[in-house]
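Only one structure is covered here, and it is reproduced in the block below.
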Amino acid sequence: MFALGGGLGAVMRHWLALKIRHDFPLATLLVNVLGSLLLGIWVGYLGGPVDIPEDQKRLVFGFCGGFTTFSSFAYQSLELHRERTLYLAAGNILISLALCWFSFWLGLLLAS
């Protein structure tokens, strides 16, 4: 399941990179924001990170990991905040990831 999701995500990322050409890496920014939003909606729809079934976790993390490396990073940052402190999560999130974090949060909000 993980390999299937990862393969699909990688193909989608490559397709978007071919479609979006710009001096600034807009395609990378777009897939990072979309991947974080998708993961946030999925986690929020399932009621939070504790209730995720293993088979679904493998498929969705595989897709998001293949589509963007930042989607899994957003999820791990949420876990740092929930299990430890906001300061650890904030230290883990660089300013360059602000849009990805926001899109993940927005996905949780939309799904709840």
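Throughout, read-outs are computed from the coordinates displayed, never taken from laboratory work. Note that this is a predicted model, so its numbers are computed, not measured. Glycine also receives a Cβ, built like all others from the backbone with ideal geometry; neighbour counts cover every protein chain displayed.
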Residue by residue through segment 97-112, the couplings from Karplus 6.51 cos²θ - 1.76 cosθ + 1.60 with θ = phi - 60°, in Hz, x for Gly and Pro, are 9, 4, 5, 5, 5, 4, 5, 5, 4, 4, x, 4, 5, 5, 7, 8
Expected unfolding gain across Leu109-Ala3 under the 0.36 nm per residue rule, minus the alpha-carbon gap, is 35.3 nm
The extension gain from Ala17 to Phe102, computed as 0.36 nm times the residue separation minus the Cα-Cα distance, is 28.4 nm
Put in order of increasing Cβ neighbours within 10 Å, starting from the fewest, Thr68, Thr28 give Thr28, Thr68
